[in-house]
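The values are calculated or read from the model by the stated rules, or taken from the named source; none is laboratory data. Note that the coordinates shown come from a computational prediction; the quantities given were computed from them, not determined experimentally. Neighbour counts run over all protein chains shown; Cβ positions are idealised from the backbone, glycine included.
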Amino acid sequence: MPIDPPPVDPPRARAPSSGSPAGPEAARGPTRRGLPSWLWPFGGLAEQLLVSGSFARSVLTLMTGTTLANLIPVAVSPVLSRLYSPAEFGLFALYAGIAALLAVAATGRYEMAIVLPAEDADAFELLGLSLLLAGAVTVVCAIAVVAFHSGLLALLRAPALAAWLWLLPLGVLLVGLAQALGSWLNRKRSYRRIAESRILQSTTTAVLGIALALWLYNVPSRDRPRRPPAG
């Protein structure tokens, strides 16, 4: 006589343990446990900021560097306003504008394409082309300054720019190099170096501005008219 098999109880659903979340809570990740629903996006952002190389971390690095680089000129502006007159600020703005305009043509805007190639070798060739063009434009600019110095001053209607016009080729070269190398660092995702370079550039400009006034113009003994106090 055959023997019937013993009855088997149907499988019961396993109750979720208190240590591991189940369902939608498990998909949300550990950073959302114990947080109100309106704090979930901020919890994920905080987690991303702790991950090196993440998008949020890179944005924070660039934003911090840019903010500090912009705060440095604001901090030294009271000092520079005591050392330079409004006319000298206008002269510097004219010089910087000419250098920036020529720097656009210095690299031929090839630095904008450095981030596009898939291979680093192609991008490095674009970097070399940008640097070569920057050097060539600097040489042409230097020749133009030497050959047409008086004519350029008459064209700009700024005789006070005579001494500083000789530094124009150097300014064009430095701006062109900064643009090309900045695009290369952007391709390599060296955002920390980009932020550091911006802070260094801003600090160097501020220090050189103060040192130049103290050295060339002998500010302590110079009789400079002051603006009347406000009010």
Enumerate the helices (runs of 4 or more DSSP H) found wholly within segment 127-219, keeping only those where 3 or more residues are at pLDDT 90 or above. 168-187, 191-216
Criterion first (crowded, with 18+ Cβ neighbours inside 10 Å and within 27 Å of Leu71 (Cβ to Cβ)) does Leu131 satisfy it? no
Condition met for Ala178 (under 19 Å from the mean Cα position of the chain (by Cα) and under 20 Å from Thr61 (Cβ atoms)): yes
